[in-house]
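Since the structure comes first, as structure tokens, the remarks are kept for the end.
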Amino acid sequence: MDGIRGVLEWGVGGVTVGDVGVALVALVVGIVAGRVAQRVLRGVDQRLPEGSLGHAALDATSEPLVWALRLAGLWAAITSLPLPKLESVDLPGVVGACYQATVIGLATWLGVRLISELSVLWARRASGTEDTFDDQLVPIVRKTAKVILVCVGGVMVLQNLGYSVGSLLAGLGIGTAAIAFASKDTIANFFGSLVVFIDRPFQVGDWVEIGDVEGTVETVDIRTTRIRTFANSLITVPNSQMTVTAIQNWSRMKKRRIKMEIGVSYDTTPEQMRASIAAIRGIIAGDERFHHDFYLVNFHALGDSSLIIYCYFFTITTHWAEYMQTREDFLLEVMVKLREVGVEIAFPTRTVHLVGPGAPAVAALPAAMQRQTPL
């Protein structure tokens with residue numbers, strides 16, 4: 001026993017073999033504890049239902065917890081050694097500050113992982129709702145929370161390492177004007193994103209037209225809005241444009257307009273014109289796909305080559321494909337009704353008077369066949 005005690009008490013510079021042994025044991029215990037915790041958490045994670053709050057929380061805390069156990073073993077190993085106090089450097093104090101800074105870093109990492117996992121869970125549930133406002137709110141909240149958490153964690157780490165954060169910020173104040181000038185576009189984009197979330201001119205999935213850009217909104221971030229055009233290209237629009245550009249949201253239409261002019265030939269009699277107008281009005285009134293509270297069908301004008309019937313009414317559907325099908329059915333029905341009345345749909349023609357011996361008095365020719373006839 002005395003020999004073993006002598007070996008343990010033997011050392012160099014105040015550090016004995018016993019101290020090194022205790023440090024090694026603490027380090028191994030920390031590593032083993034981390035490995036055991038990793039396996040236990042993996043088993044618990046497999047038993048939790050996918051997409052549950054417990055599953056998300058466990059996924060977020062598993063890695064930081066394992067590293068926290070390893071860090072605890074390392075800290076116990078270091079503190080078990082008699083650290084010397086140097087004249088110029090307080091070595092125990094430096095080690096303690098580094099340990100606290102590392103703990104803050106682990107806590108910040110844990111917070112970032114929790115935000116990520118909970119955001120995924122929130123986004124999954126938001127996708128099941130009809131309102132898309134929460135879909136575009138998720139990435140904003142996720143990024144903002146991460147930035148704030150990292151900034152706070154960074155400041156706390158610097159403070160624990162002995163830096164004066166107040167003096168650092170005061171020093172940065174010297175270049176405040178230059179920084180503000182350089183970041184004016186970022187500030188404008190930020191206020192543009194506030195306009196999007198406060199006024200809610202559109203949501204994810206809406207068909208919008210912003211300036212020269214037209215398409216479907218895919219994502220809305222703090223700085224930009226991404227729009228998928230109908231040509232399938234992706235356009236990134238700075239949010240600053242939201243404060244100075246008119247935004248047309250076609251998805252907010254309550255009804256869709258049909259406005260057209262139908263030209264019939266000049267051979268149409270007044271009785272046939274009245275019958276044609278009544279037939280077209282009957283088509284609109286008898287079709288439940290059209291709004292019946294307001295519509296117009298009138299003899300509108302005497303055109304260059306036709307008598308013009310003006311039609312103005314609205315479809316109930318705002319979906320593009322359904323609207324086009326409804327419009328097509330209406331035009332086909334108009335063709336049928338006009339044929340039943342005995343009215344022809346006009347094509348461009350012009351009456352040319354020919355003057356000269358033996359020339360016919362009047363000739364009606366299609367516009368495409370017109371020629372200048374010399375006298």
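The values are calculated or read from the model by the stated rules, or taken from the named source; none is laboratory data. Predicted model only: the values in this text are computed from it and were never measured. Positions of Cβ are backbone-derived with ideal geometry, glycine not excepted, and every protein chain shown enters the neighbour counts.
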Worksheet item: Among L41, L48, which is the only one that is over 24 Å from G105 (Cβ atoms) and touching a helix residue (DSSP H, G or I) at 6+ places or on another chain (Cβ under 6 Å)?
Response: L48
Worksheet entry | Residue, surrounded by the most Cβ atoms within 10 Å (Cβ to Cβ), within region 240-254, restricted to residues that are in a helix (DSSP H, G or I) and not hydrophobic (A, V, I, L, M, F, W, C) | S240
Worksheet item: Does region 275-285 hold any residues that are within 15 Å of I308 (Cβ to Cβ) and of a type outside the set (S, T, N, Q), and which are they?
Response: I277, I280
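Rundown of residues vs (1) modelled with pLDDT of 60 or more; (2) under 30 Å from V66 (Cβ atoms); (3) surrounded by 12 or more Cβ atoms within 10 Å (Cβ to Cβ), yes/no style:
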{"position": "E9", "(1), (2), (3)": "no, no, no"}
{"position": "G14", "(1), (2), (3)": "no, no, no"}
{"position": "V22", "(1), (2), (3)": "yes, yes, yes"}
{"position": "V28", "(1), (2), (3)": "yes, yes, yes"}
{"position": "Q46", "(1), (2), (3)": "yes, yes, no"}
Discussion item. Quick check on this structure: which one of T219, T225, T268 is in a loop (DSSP other than H, G, I, E, B) and β-branched (V, I, T)?
Written reply: T268
Worksheet item: Could you give every pair whose Cβ atoms fall below 8 Å, whose first residue belongs to region 117-137 and is over 24 Å from R252 (Cα atoms) and surrounded by 15 or more Cβ atoms within 10 Å (Cβ to Cβ), and whose second residue is of a type outside the set (V, I, T) and at pLDDT below 70, counting only separations of at least 6 or pairs across chains?
Response: W122/D134
